[in-house]
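Working notes, beginning with the structure itself.
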Amino acid sequence: MRSVSTRKRVGTLAALTAFGALFSTGTATAATQLNGHWAPFDRCPVDAPAMLAADGVETVATCIASSSAGGSIKLGNTEVVTGSTDLQLGVLQRSDGTTSLVAPAEGALVADSATVPGGLLGLMCPSNIPVVSAVCASITNADLNRITATIEPAGAPRDFNMGAAFTTDVPILTLPVRVHLKNPLLGDKCYLGTTANPILLKPKNVTAPSLSLQQFAGDGTPDDSGEMGRYTFAGADQADTAFAVPGASGCGAGLLNWAVNLKTGLPSASGNNNVVLNDASTYFASPYAPASLAPDEGKALSRFWHSAVR
């Protein structure tokens, strides 16, 4: 009987560590409280059909959770400090080395919104261009001035390099994203990058994470002979400094694209932008011996998860 190697499973996890700070979809909230070593996996999609179908031999279902207290992203002339982020995914790892990802129903990532320094006044004002000066004059309170930046997926990840997860300065994968700028005067469709022309992030390890292994019972209780195992990665800083950023689109129904571009220095070529994730904590959980649960490893993972709900 074949099983997915520990190195492959760890590689998948380390690759995903980079992404926790790159997607911001709202204020982070815990969907469920779980006991013990299950605690970080409160949104793992253990009941998704593809996860339940894993047999533990040809396909192993696992849970991944990655969080960071903060980081930063610089696009052109504008740098934004990111808040706390939480990424959770189910991962299907196959015996041939391939993987596929399963997102929770509510989305893979939740995070605190990032506020753009200076708001709309800092982004576009002052200006002697009539249409922009009219907008500047209408900014009469903090709510109208405030801009939040949300990084969203803009396509499927690709170019996954498993070996890069164990080293530094090698891109782990290519991740298409776009940045959603939210402000009442910019409208709801103001983006840096689009699904057709996304920002292509290629995160890589700047420092290698430390690795530890916890074994626990199905309900999350620490147990050196338990059914579950959890890898914990801590202290990894990751970055990308080589991506380009296209110009703005949809800002003020398209009338303010050029104003956003002018003040922020967009489009911005490779070398002028960067993203940094500080001190990520990432967790990876699966049955300690997946093949022993064949052909129902995915169902067992779901049963263990539900037994840990508090």
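The values are calculated or read from the model by the stated rules, or taken from the named source; none is laboratory data. Keep in mind that what you see is a predicted model, and the values were worked out from it rather than measured. A quick note on method: Cβ atoms are made from the backbone with ideal geometry, for glycine too, and the neighbour counts reach across all protein chains shown. Ligands, DNA and RNA are excluded from the accessible area calculation, which covers all protein heavy atoms including side chains. Shrake-Rupley method; radii C 1.70, N 1.55, O 1.52, S 1.80 Å.
For the subset of the range 56-88 comprising residues that are in contact with a strand residue (DSSP E or B) (Cβ under 9 Å, 6 or more places away or on another chain) and outside any strand (DSSP E or B), which member is most open to solvent (accessible area, probe 1.4 Å)?
Looking at the filtered set, the residue picked out is Asn77.
Among Phe233, Phe243, which is in a strand (DSSP E or B) and among the aromatic types (Phe, Trp, Tyr)? Walk me through it before giving the result.
Numbers: Phe243 fails: in a strand (DSSP E or B).
Checking each option against the conditions leaves just Phe233.
Against the definition (more than 16 Å from the chain's Cα centre (by Cα) and open to solvent by 50 Å² or more (accessible area, probe 1.4 Å)), how does Val245 come out, yes or no?
It is false that Val245 is more than 16 Å from the chain's Cα centre (by Cα) and open to solvent by 50 Å² or more (accessible area, probe 1.4 Å).
Among the residues in the range 154-172, are any out of contact with any helix residue (DSSP H, G or I) (no Cβ under 7 Å at 6 or more places or on another chain), closer than 19 Å to Ala242 by Cα, modelled with pLDDT of 85 or more and crowded, with 18+ Cβ neighbours inside 10 Å?
Scanning the range 154-172, I find no residue that is out of contact with any helix residue (DSSP H, G or I) (no Cβ under 7 Å at 6 or more places or on another chain), closer than 19 Å to Ala242 by Cα, modelled with pLDDT of 85 or more and crowded, with 18+ Cβ neighbours inside 10 Å, so the answer is no.
For residues that are of a type in the set (Asp, Glu) and touching a residue at least 60 places away in the same chain (Cβ under 8 Å), scanning just the range 94-133, find the one that is farthest from Lys182 (Cα to Cα).
Glu106
Would it be correct to say that Phe304 is closer than 30 Å to Gly36 by Cβ and part of a helix (DSSP H, G or I)? Lay out the reasoning, then the answer.
Numbers: closer than 30 Å to Gly36 by Cβ: yes; part of a helix (DSSP H, G or I): yes.
Answer is yes for this residue.
Quick one: how many residues across the range 248-293 are open to solvent by less than 40 Å² (accessible area, probe 1.4 Å) and of a type in the set (Gly, Ala, Ser)?
13
Between a residue in the range 212-228 that is within 19 Å of Thr282 (Cβ to Cβ) and without any contact (Cβ under 8 Å) to a residue 40 or more places away in the chain and any residue that is of a type outside the set (S, T, N, Q) and crowded, with 19+ Cβ neighbours inside 10 Å, which pairs come within a Cβ distance under 6 Å, given they are 6 or more apart or on different chains?
Filtered contacts from the range 212-228: Leu213/Tyr231.
In the range 173-200, what residues are at pLDDT 85 or above, part of a strand (DSSP E or B), open to solvent by less than 30 Å² (accessible area, probe 1.4 Å) and hydrophobic (A, V, I, L, M, F, W, C)?
Across the range 173-200, the qualifying residues are Val179, Leu181, Cys190, Leu192, Ile199.
In this structure, does Val91 turn out to be of a type in the set (Val, Ile, Thr) and either in a helix (DSSP H, G or I) or open to solvent by 50 Å² or more (accessible area, probe 1.4 Å) (or both)?
Answer is no for this residue.
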